[in-house]
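To keep things clear, I will list the structure first and then write my remarks on it.
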Amino acid sequence: MWGNLFHPVISIGFSAHATYNSAMNKLLIDLDELPEEGKEFSGKLEPTVFELTEKDPKPLGDFSYRLYAQRFGDELLLQGRLSCLFEMECVRTLHPFEMTLELKDAAISLEIKGETKIDATEALREELLIEMPNFPTCELADTPQDCEIDPRYLAVDKSQGDELNTPPPAGGDSRWDALDSIELSSRENPEP
């Protein structure tokens, strides 16, 4: 698929058509240098680009991309592949597992507002993070694992003779008990 559509792959570090600033960890595309027929870009961004918290899945490697960029009037269209390996925690077992998030047919449209350089980093980041599962399970791992909840945590699996005692209902003054004794005449003799 890529062979006929793209010109030779350009490394971001050496391309005149894109600038990669490692201190800023960004992908900048120079529109003045972008040919009318478009150009392919490939490279890697550091995992810090995701800006995730400690509770979120952890990127385990670089954020890889291979994109074809082409300008259409006031729009820059990026099409291609995005991927990154993440460590996630299974919501059932609470065990960590590795999963590669990959978009093989990503399509990103960026509006051009008179700029000569477009920062595509945030759009790439968001496009991949949208693919992250809301409730990851170890069945989704690159190497699928058994994903069963420990039966001792399931109430239906507990034996009747467990050591848990159910406390009796609290006695005493209940202000709602008075309402139970009220008889409504309208219920007994409904009006037509």
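Coordinate-derived values only; no laboratory data. None of the values given here were measured: they were computed from a predicted structure. Virtual Cβ from ideal backbone geometry, glycine too; neighbours counted across all protein chains shown.
Would segment 21-95 count as rounded, prolate or oblate if I go by the C-alpha gyration tensor, calling it rounded below 1.5 in a/c and otherwise prolate when a/b exceeds b/c, oblate otherwise? Prolate, because a/c is 1.5 or more and a/b exceeds b/c.
Partners of Lys104 within straight-line reach, counting lysines whose Cα lies under 24 Å from its Cα and excluding those fewer than 8 residues away in the same chain: Lys26, Lys39, Lys44, Lys58. Note on Ala107 and Leu94: the model spin-label points, each 7 Å out from Cα along the C-beta direction, lie 4.3 nm apart.
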